[in-house]
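One structure below.
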Amino acid sequence: MGADNVLDLLPDGVVVAGRDGTVTTVNAAARRMLGSGARAGARLADAVCLLDQDGRDWFGTVQPYAGLSTRKAVPEQSWVLPDGGEVLVTAQLGRSKAGGPIESVALVLRSARGRERLDRERSDLVATVAHELRSPLTGVKGFVTTLLNRWDRLNDDQKKLMLTTVATDSDRLARLITELLDVARIDTGRLSLYRRELELVPLVDRVVDSVRAGTTRTILVEHDDPDAVVFADPDKFTQVLTNLVENAVRHGDGTIRVGTEPVSEPLKGVQVTVDDQGEGIEEDIRKRVFTKFWKHGIRGGSGLGMYIVHGLTQVHGGDVRIDDAPGGGARVMIRWPSHGPSLDPGEVAER
């Protein structure tokens, strides 16, 4: 396969011109973008018919054959195609020796649709975050304003109720901000972990007791191995368990069941299972549960909990699965290693 044919396989447009500004190579993608004028033998100024938002043409604005003798490239810029579409253009300026004349100009034209999609996703993210922050913040502002304006006319019970609500909304704000920071750290790989061997049963029982204190729902716990250990950052493991149990309380009905058991495949560790008696999660959408801001049903939540559960479990070397609970509803299972990567499993078993 010739070089031109190989270039035709690329999704991005490629245009190459020689030292005299004559086009030598145009691949198929560039011809589709630029039209019939983009062909070998044409002048580069005529072949690359791109305009900026002010109507200035690419060649006259960039002047690839002029400028400083040290210039090697033209950074990515947005330009408008003849059909009105947007394209991102970069150019490499070839010289046979440093400071010498331009021997070749190679352009790469990339569709801006990917960037547009990314911009939309960022806008959606900002809108979602703003919505999630606004709700508790509105409550805090409203009650604080009422307390300031009507302090002398409110009795102690009314003041206590308002301050309790403010404290609850403030906790919700703090938790949401923590979740957003965790999401950013997971995405960028900058999550700090302080892992060590931990007794599993006290951790699970402590989380369940904490969630029980805030709900009337019955939560049952069963441990197959009272001496089970996990290798984890205690704060992150607690966060994962709390998200799972609270999610079951929020979206389930009836009794919540939490169980732990040792596992040997695909890793040597433990499995924590949380069952609810809600509507369950259809098999075809289970993978979407672990995406950002995914919500199921009409009940509250930031939509970040399961994304964080998945991310924190994976960075510890575990995995998360979703299935149907035996009594109806959803079952979420996390499998977590019981030893660190630098330790032999046999050594851990002897401890």
Under 1.5 on a/c is rounded, so check that first for region 196-350, then, if it is not, pick prolate when a/b is larger than b/c and oblate when it is not; a ≥ b ≥ c are the square roots of the alpha carbon gyration tensor eigenvalues. prolate
Once you have the Cα-Cα distance between E261 and L148, take 0.36 nm times their residue separation minus that, and quote the gain in nm to one decimal. 35.4 nm
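Give me the compactness ratio for region 222-291, meaning the Cα radius of gyration over 2.2 N^0.38 Å. Intermediate results must be reported in sequence, preceding the final value.
Details: Rg = 13.6 Å, N = 70, 2.2 N^0.38 = 11.1 Å.
Region 222-291 yields a ratio of 1.23.
Which three semi-axes in whole Å describe the equivalent ellipsoid of the chain, each the square root of 5 times a Cα gyration tensor eigenvalue, listed largest first? Please report the intermediate quantities before stating the final value.
Details: eigenvalues 635, 178, 73 Å².
Over the Cα atoms of the chain, the ellipsoid semi-axes are 56, 30, 19 Å.
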When the chain is fully extended, how far beyond the present Cα-Cα distance does T165 get from A73, taking 0.36 nm per residue of separation? 27.3 nm
What fraction of the DSSP beta bridges in region 196-350 is antiparallel, stated in percent and rounded to the nearest 5? 85
Check R95: other-chain or 5+ apart residues with amide H under 5 Å from its amide H, H built from backbone geometry? E103
Spelling it out for D253: with amide H atoms placed in the peptide plane at 1.01 Å from N, the residues 5 or more places away or on another chain with amide H under 5 Å from its amide H are Q277, G278
I want to verify a result. In a Gaussian network model of the chain, Cα cutoff 10 Å, which of these has the top mean-square fluctuation: R120, R196, R43? R43
Work out the FRET efficiency for Y65 and R113 from their Cβ-Cβ distance, taking R0 = 25 Å, and round it to the nearest 0.05. 0.25
Once amide H atoms are placed 1.01 Å from N in the peptide plane, what residues at a sequence separation of 5 or more from H339, or on another chain, have their amide H within under 5 Å of its amide H? F231
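Which of rounded, prolate or oblate describes region 3-111 when judged by the alpha-carbon gyration tensor and an a/c cut-off of 1.5? Mind showing how you got there, number by number?
Values: a/c = 1.72, a/b = 1.23, b/c = 1.40.
It comes out oblate by the Cα gyration axes.
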Taking the Cα centre of the chain as origin and charging only Cβ (+1 Lys, Arg; -1 Asp, Glu), how large is the dipole, in debye to the nearest 20? 1520
Across region 212-228, in residue order, what do the Karplus-derived ³J(HN,Hα) couplings come to in whole Hz, using 6.51 cos²θ - 1.76 cosθ + 1.60 with θ = phi - 60° and x for Gly and Pro? 4, 5, x, 8, 8, 5, 7, 10, 9, 10, 9, 10, 7, 9, x, 9, 5
222 nm [θ] for the chain, helices only, -39500 (n - 2.57) per DSSP H run of 4+, per residue, to 500? -13000 deg cm²/dmol
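Grab the Cα-Cα distance for D323 and R39, subtract it from 0.36 nm times how many residues apart they are, and report the gain in nm with one decimal. Kindly include the intermediate steps, with their values, before the conclusion.
Values: separation 284, 0.36 × 284 = 102.24 nm, distance 5.69 nm.
Result: 96.5 nm gained on full extension.
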For a quick check: sort V229, V80 by the number of other beta carbons within 10 angstrom, fewest at the front. V80, V229
If we count other beta carbons within 10 Å of each Cβ, what is the order of L173, L241, L68, fewest first? L68, L173, L241
Output wanted: per-residue J couplings in Hz (rounded whole) for region 168-184, from phi through Karplus 6.51 cos²θ - 1.76 cosθ + 1.60, θ = phi - 60°, x for Gly and Pro. 5, 5, 5, 4, 5, 4, 4, 5, 4, 5, 4, 4, 5, 5, 5, 4, 4
Count, lysine Cα pairs under 25 Å in the chain, 8 or more residues apart or across chains: 9
Interatomic Cα distance distribution for region 116-188, bins of 5 angstrom, percent: 3, 15, 18, 18, 14, 10, 9, 7, 4, 3, 1
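Values in this text are rule-based calculations from the coordinates and carry no lab data. Only a predicted model underlies this, so the values are computations on that prediction, with no experimental measurement involved. Because the Cβ atoms are built from the backbone with ideal geometry, glycine has one as well, and the counts that use them run over all protein chains shown.
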